[in-house]
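Here is the structure we will look at.
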Amino acid sequence: CSRWEEEKKEDGVKWMQLEHRGPYFVPPYEPLPKDVQFYYDGKPLKLSLATEEVATFYAKMLYHEYTTKETFQNNFFHDWRKEMTSEEQEIIKDLDKCDFGEIHKYFVDKNEARKALPKEEKQKLKEEADKIQEEYGYCILDGHREKIGNFKTEPPGLFRGRGEHPKMGMLKKRIMPEDVIINCSKDSKIPEPPEGHKWKEVRFDNTVTWLASWTENIQNTLKYIMLNPSSKLKGEKDWQKYEVARRLKDVVHTIRAQYRKDWKSKEIKKRQRAVALYFIDKLALRAGNEKEEGETADTVGCCSLRVEHIQLHPQLDGQEHVVEFDFLGKDSIRYYNKVSVEKPVFKNLQLFMKNKDPSDDLFDHLNTAFLNKHLQHLMDGLTAKVFRTYNASITLQEQLKALTNPEDNVAGKLLSYNRANRAVAILCNHQRSIPKTFARSMQVLQEKIDAKKKQVEEAQEELKKAEEELKDTEDAKAEANVEKKKKLLKRLEEQLAKMNIQATDKEENKQIALGTSKLNYLDPRITVAWCKKFGIPIERIYNKTQREKFAWAIDMTGEDFEF
C-alpha cells in the first residue's frame with residue numbers, strides 16, 4: 001500500500017514515534033572589523049557588542065523603505081537604547097545624529113564578494129549547507145525519514161510586519177535553547193541542547209505535529225518547527241482539506257437557499273449572519289476574526305467590516321444595488337471592489353448601517369465563532385474558510401473547461417491555464433506589487449519579438465525568391481529548396497507566436513500573485529487531471545517543491561477527476 005494509505009491511528013493521535021535533532025541555532029554574532037566604524041554626531045564611537053549587533057540590523061536596512069517610516073525609526077531607537085550600556089545611553093540620544101553608512105557599505109561589499117566567489121568556493125559553501133540540512137533537516141516519524149520544513153531558528157533582527165504594522169522596527173531577539181520546548185517520543189534519542197545550554201522543557205505530546213516551539217518576543221505568539229509540506233502528515237492534512245471542500249459542493253445549494261431565507265428573518269442576528277455568509281460565498285472574503293487593537297495592523301475581514309468600509313449606490317455604472325468595498329484585508333492588502341448585489345442584501349445593509357458612525361461595526365451582532373458554529377451545524381467540518389477553498393477550486397475547474405482549446409499547442413494551453421489561475425487569484429484578491437524588473441524584462445522580450453518579426457519577414461522574402469526560381473527551372477533541387485524555406489518560415493512563425501503568448505501572459509500577470517492560490521486554495525488533482533488529459537508535462541505547472549508537496553495528488557489522480 002502507498003504511504004498515503006497506511007493504517008489509521010486513533011482519534012487525536014498524530015504519531016507513535018518521533019525522533020529529531022532539535023532546531024539548528026543561528027551562528028553567534030560576528031563583531032565588525034576594527035576599520036568599520038559607527039559615527040555619532042560626526043565622531044567615531046566604539047559600541048559595546050550588544051549595541052553594535054543591533055546597529056548592524058538597522059545598517060543593513062539603511063536604504064530600505066521601512067527605515068524612512070517614523071514608526072519604524074521610533075520603535076527601533078526605543079529597543080536599541082534598551083541594549084546599550086549606561087555610558088552609551090548618555091551619548092546616543094538622537095537617531096538623526098547616528099551615521100550607519102560605513103557599516104551599511106561593509107555588508108553590501110560582503111554580499112558582492114560572496115556573489116563573486118569562484119565556482120569551487122560556492123560549491124564548498126553549498127556542501128556545508130547540505131551537511132547541516134542532512135543532520136538537522138530530517139526526523140524519523142513512525143519509521144519514515146521525513147523532511148522538516150523550517151529546522152533553523154529565525155535570526156535576530158528588526159521586525160518588519162506587513163503594511164502599516166504598529167510594531168515595525170522593534171527588536172526581534174535571538175532565540176536561545178532556554179526558550180525552546182522540544183517535542184518527541186519518550187523512547188527516542190532525546191535531542192541534545194548546544195553545549196552549556198539546556199532546553200526550556202522536553203515534552204512527549206503525540207496529539208500535536210510540531211517538533212519544537214518557542215514564543216517570539218514581539219507579538220508574543222508561538223512559533224513552531226513543523227514538517228515539510230512534502231511529508232506524509234502534511235500531505236494527508238492537505239488532502240483532507242480538499243475533501244471537506246468537495247463535500248461542500250453537495251450541500252452548497254441547500255446552504256444558499258437557507259441564507260437567502262434568513263435575509264428576511266425576524267432576528268437581526270440571523271440576518272447579519274446571512275448577509276455575511278453571502279459575501280463569504282459570493283466574494284470569497286476571509287471570515288475576519290477579532291483582533292487585539294494596537295497589537296497588529298488595522299486589517300479586517302467579513303465579520304469585522306466597519307461602516308466606513310462600504311458605500312451603497314442604488315445605481316452605479318448602469319447597475320443596480322451596488323456595494324463598493326474598500327478595506328485593508330490580511331497582510332494589509334487593499335480589497336477594492338464594486339459589486340451588484342441582490343435587492344434584499346442591499347436593503348439589509350441599509351438597515352445595518354442606520355444611525356451608526358463610520359467606525360462602528362457593520363455586523364454588530366455577529367462574530368466568527370457564531371458564524372462557524374452555524375456552519376458546523378450545516379455540515380461537519382464546515383467553516384467560513386472552506387468556502388474560499390471551494391470557490392477557488394470550482395472556479396479553476398470551470399475556467400479550465402471554458403478556456404482550454406484541445407487544438408492549441410502546449411504554449412497556448414499553458415496560457416489558458418494561467419488565465420484560469422488568474423481568475424482564481426482575482427477572486428481571492430491575491431495581488432503583488434509590479435516587480436521592479438518588470439519594465440526591463442518586458443523591454444527585452446519586446447526586442448526579441450521585434451528581431452523575430454524581422455527574421456520572419458526575411459524568411460518570407462527568401463521563400464518568395466525560391467518559389468520564383470522553381471517556376472523558372474522546375475528542377476528537383478529548386479523544389480527541395482522551396483520545402484526547406486517553407487519549413488524554416490513555419491518554425492520561425494511558431495517561435496514568434498510563442499513569444500507573443502509569453503508577452504500577453506507577462507502583461508496580464510504583472511499585478512497578480514498566482515502562487516498563493518496554487519499552493520493553498522486549488523485542489524492539485526484538478527491540475528494533474530488537466531495535464532494528463534491534454535498531455536501537458538506536470539513540471540510546466542508545478543516546480544520541484546510543488547511537485548513534492550502535491551505528490552499525494554500526482555500519485556492518485558487520473559485524467560477524469562472531477563472536483
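The values are calculated or read from the model by the stated rules, or taken from the named source; none is laboratory data. Being a predicted model, the structure only gives us computed values, none of them experimental. No Cβ is skipped: glycine too gets one built from the backbone with ideal geometry, and neighbour counts run over all protein chains shown. These accessible areas exclude ligands, DNA and RNA; they are computed on the full protein's heavy atoms, side chains included. Shrake-Rupley method; radii C 1.70, N 1.55, O 1.52, S 1.80 Å.
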Treat each spin label as a single point 7 Å out from the Cα along the C-beta direction, and report the F204 to K115 distance in nm. 5.2 nm
Within the stretch 511-550, list the residues whose amide N lies under 17 Å from a label point set 7 Å along Cα→Cβ of K282. none
Using the basic label-point model (7 angstrom from Cα toward the beta carbon), what is the Q133 to R491 distance in nanometres? 3.8 nm
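If R0 is 45 Å, what FRET efficiency do you get for Y224 and K347 from their C-beta distance, rounded to 0.05?
On the way: r = 46 Å, r/R0 = 1.02.
Once the sixth-power term is evaluated, E becomes 0.45.
Return the calculated 222 nm mean residue ellipticity for the chain, to the nearest 500 deg cm²/dmol, obtained by summing -39500 (n - 2.57) across DSSP H runs with n ≥ 4 and dividing by the residue count. It would help to have the intermediate numbers written out before the result.
On the way: 17 runs with 270 residues, N = 563.
When only DSSP H runs of four or more count, the value is -16000 deg cm²/dmol.
Just flag the GluC sites (Glu not before Pro) in the stretch 391-482 sitting in loop per DSSP whose Cβ has no more than 15 other Cβ atoms within 10 Å. Write down the numbers at each step before the final one.
Numbers: sites: E398, E407, E447, E457, E458, E461, E462, E467, E468, E469, E474, E479; in loops: E407, E474.
Sites meeting the loop and neighbour criteria: E407, E474.
Please report, as a whole percent, how much of the solvent-accessible surface of the stretch 1-113 comes from carbon and sulfur atoms (probe radius 1.4 Å).
On the way: 3510 of 7000 Å².
Accessible surface attributable to carbon and sulfur in the stretch 1-113 totals 50 percent.
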For the stretch 38-120, shape from the Cα gyration tensor axes a ≥ b ≥ c, cut at a/c of 1.5 then a/b versus b/c, turns out prolate
Calculated from backbone phi, Karplus (6.51, -1.76, 1.60) coupling profile of the stretch 464-480 in Hz, x at Gly/Pro: 4, 4, 4, 5, 5, 4, 5, 4, 5, 9, 6, 9, 5, 4, 5, 5, 4
Which ³J(HN,Hα) values in Hz, rounded to whole numbers, follow from the phi angles of the stretch 189-200 under the Karplus curve 6.51 cos²θ - 1.76 cosθ + 1.60, where θ = phi - 60° and Gly and Pro get x? 6, 6, x, 8, x, x, 3, x, 10, 9, 6, 5
Sequence ranges 379-386, 418-425, ranked by mean other-Cβ count within 10 angstrom, highest first: 418-425, 379-386
Going by amide H atoms built from the backbone, whose H comes under 5 Å of the H on L227, apart from near neighbours? G149
Name the residues whose placed amide hydrogens come within less than 5 Å of the amide hydrogen of L328, ignoring near sequence neighbours (fewer than 5 apart) on the same chain. V300, Y335
When all Cα-Cα pair distances of the chain are considered, the percent exceeding 48 Å is 28 percent
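If you roll a 1.4 Å probe over the stretch 162-226 with all protein chains in place, what percent of the accessible area is carbon or sulfur?
On the way: 1810 of 3550 Å².
The value for the stretch 162-226 is 51 percent carbon and sulfur by accessible area.
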Proximal aspartates and glutamates relative to K43, as straight alpha-carbon distance under 13 Å, when same-chain residues fewer than 8 apart are discounted: D99, E102
I want to check the label-to-label distance for D326 and R256. Put each point 7 Å from Cα in the C-beta direction and report it in nm to one decimal. 3.1 nm
Place +1 on the Cβ of every Lys and Arg and -1 on the Cβ of every Asp and Glu in the chain, take the dipole about the Cα centre, and give the residue among P118, T85, Y417 whose Cα lies farthest towards its positive end. Y417
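Given 0.36 nm per residue, what is the gain on full extension from N150 to E10 after removing their alpha carbon distance, in nm?
Working: separation 140, 0.36 × 140 = 50.40 nm, distance 2.77 nm.
In short, 47.6 nm is gained.
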Straight distance only, please: which lysines reach the Cα of K347 with their own Cα at less than 17 Å, same-chain residues fewer than 8 apart left out? K261, K264, K266, K269, K270, K338, K356
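Rounded to the nearest whole Å², what accessible area per residue is found for the chain with the 1.4 Å probe? Numbers along the way, then the final one.
Values: 32130 Å² over 563 residues.
In whole numbers, the chain has 57 Å² accessible per residue.
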Using a 1.4 angstrom probe on the protein heavy atoms only, line up L312, L489 by accessible area, largest first. L312, L489
Which ³J(HN,Hα) values, rounded to whole Hz and listed in residue order, are derived for the stretch 94-105 from phi using the Karplus coefficients 6.51, -1.76 and 1.60 in 6.51 cos²θ - 1.76 cosθ + 1.60 with θ = phi - 60°, glycine and proline given as x? 9, 4, 5, 8, 8, 10, 9, x, 5, 5, 4, 4
